[in-house]
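Here's the structure we're looking at; comments come further down.
The values are calculated or read from the model by the stated rules, or taken from the named source; none is laboratory data. It should be emphasised that the depicted structure is a prediction, and the values quoted were computed from it without experimental measurement. We place every Cβ from the backbone using ideal geometry, glycine too, and count neighbours over all the protein chains shown. All accessible areas refer to the heavy atoms of the entire protein, side chains included, with ligands and DNA or RNA removed. Shrake-Rupley method; radii C 1.70, N 1.55, O 1.52, S 1.80 Å.
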Amino acid sequence: MPAAPVLLAVVSLRRESPLSVATVALITGIDGQDGYYLSRLLLKQGYEVHGFALRPEQSQLGEEVSLHPFDLRQPATLGDLFGKIQPDEVYHLAAQSHVARSYEHPLETAEITGLGALHMLEASRQWQLQRGRPVRFFQASSSAIFDDKAGPVLNEESPIHPRSPYACAKAYAHLQVRNYREAHGMFACNGILFNHESPLRDASFVTRKITRAAARIKLGLQQKLKLGNLDAERSWGFAGDFVEAMGLMLQQDEPDDYVISTTETHSVREFVETVFAYLDRDYRDHVEIDPELFRPHDAPVLRGDITRARTRLHWEPKVSFRQLAEMMIEHDLEQEA
Ligand code: NDP
């Protein structure tokens, strides 16, 4: 995963001065998209950053981060790892995060995305008891847990009605976080994240599929791009903005759940149009509609109500839809050249 300057430029600092004694952060899923941005943010804020990774030997995160091999399906070593790392804050980002894969592998998804979060919560509670001081816990929850018919604008109190094995696993984790907060008094927060992208988004997600293919078309490496429903609308934010909200949640006096979202929605057509226009191309010359790529259940247009994040965290998304699309296409042009 290359640390291109464009990725770093938009990650701003929350605290200007370094911490006097380094706070120790443990990030699971550190090799994923959000793990990269969060680790850069926390390092800049003076944290000592540790990460769990499935394959640390393949990581390109650099030596400032201490990596530990860990698979959520094999939690037996968690107690030892907590004792060794001694975290003050735990950011649980690791998950089987693909909705389509969750239909093919529902048990694996439940084990990693659902039960995995419970293992991390319980290990954090045990570590808190052992050291006699609070541990702060962040869970990467998802807008997918909500009833998508309750929209179009969803907030922290919207009804939970997950509609995929992935969403069911995230809902289980979400409720366990609340339970640990209420039953054990833990400082545990759910960040209920709407879609967020970046140049590091996996190419199986539509935004990166588009920017990568558009870069290849521009460079003469391919001609056509097959897509499903161009009228599907989403709110797409920038991962660098979203990880700032994660950090802010753990700095509050009281733990709570927060919806994190942009305030706009855009269609896949607008995204593809923006990307191809940036390359001086007309998307209609290259995009083919493939009915097989239509989803059986395409979520209605949804976005989050970020009133709570705005008022308590003073958080706002900064990177616009156009800036995000351009950042991604510039990165893919570099990658594919
Ligand atoms: P990614 O899929 O990029 O990252 C997930 C990470 O989890 C990867 O590093 C992956 O490792 C790791 N992982 C997968 N399986 C295991 C396992 N068995 N044990 C340990 N680690 C594992 O996701 P994002 O960074 O985009 O998202 C971060 C979190 O936010 C995820 O929990 C996701 O579900 C959630 N979220 C994301 C949204 C988005 O729009 N990006 C929206 C809502 C929620 P590897 O890559 O090696 O497989």
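Would you call I160 among the β-branched types (V, I, T) and open to solvent by 50 Å² or more (accessible area, probe 1.4 Å)? Yes, satisfied. Do we find that Q86 is of a type outside the set (A, V, I, L, M) and either within 11 Å of the ligand (Cβ to nearest atom) or within 16 Å of V243 (Cα to Cα) (or both) in this structure? No: the conditions fail for Q86. Within segment 60-69, work out how many residues are in contact (Cβ under 8 Å) with a residue 24 or more places away in the chain and in contact with a Pro (Cβ under 9 Å, 6 or more places away or on another chain). Residues that pass the stated criteria total 2.
One line per residue, one yes/no per condition, for (1) outside any loop (DSSP other than H, G, I, E, B); (2) not aliphatic (A, V, I, L, M):
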site	(1), (2)
E292	yes, yes
R295	no, yes
A309	yes, no
W315	no, yes
R322	yes, yes
E326	yes, yes
E330	yes, yes
E334	yes, yes
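Among the residues in segment 185-197, are any closer than 27 Å to Q323 by Cα, aromatic (F, W, Y), in contact (Cβ under 8 Å) with a residue 12 or more places away in the chain and within 11 Å of the ligand (Cβ to nearest atom)? Yes: one or more hits.
Residue count for segment 95-109 under the criterion of being open to solvent by less than 50 Å² (accessible area, probe 1.4 Å) and assigned to a helix (DSSP H, G or I): the result is 3. Quick one: in segment 156-179, which of the residues that are among the polar types (S, T, N, Q) and out of contact with any strand residue (DSSP E or B) (no Cβ under 6 Å at 6 or more places or on another chain) is farthest from P87 (Cα to Cα)? Here the answer is S164. When restricted to residues that are among the small types (G, A, S), over 15 Å from P300 (Cα atoms) and not in a loop (DSSP other than H, G, I, E, B), segment 127-164 contains 3.
Pairs meeting the criteria (first residue in segment 299-324 and β-branched (V, I, T), second residue open to solvent by 30 Å² or more (accessible area, probe 1.4 Å) and assigned to a loop (DSSP other than H, G, I, E, B), beta carbons under 6 Å, at least 6 apart or on different chains) are V301/P152; V301/T265; V319/V10.
When T211, T262 are screened for being assigned to a loop (DSSP other than H, G, I, E, B), surrounded by 20 or more Cβ atoms within 10 Å (Cβ to Cβ), at pLDDT 95 or above and under 23 Å from the mean Cα position of the chain (by Cα), only T262 passes. The set of residues in segment 179-205 that are open to solvent by 50 Å² or more (accessible area, probe 1.4 Å) and part of a helix (DSSP H, G or I) comprises N179, E182, A183, H184. Across segment 56-83, the number of residues qualifying as outside any strand (DSSP E or B), at pLDDT 95 or above and within 11 Å of the ligand (Cβ to nearest atom) comes to 6.
Pairs linking a residue in segment 78-89 that is hydrophobic (A, V, I, L, M, F, W, C) to a residue that is open to solvent by less than 10 Å² (accessible area, probe 1.4 Å), with Cβ atoms under 7 Å and 6 or more positions apart or on different chains, are I85/L26.
Residue count for segment 46-66 under the criterion of being buried (at least 20 other Cβ atoms within 10 Å of the Cβ) and not hydroxyl-bearing (S, T, Y): the result is 8.
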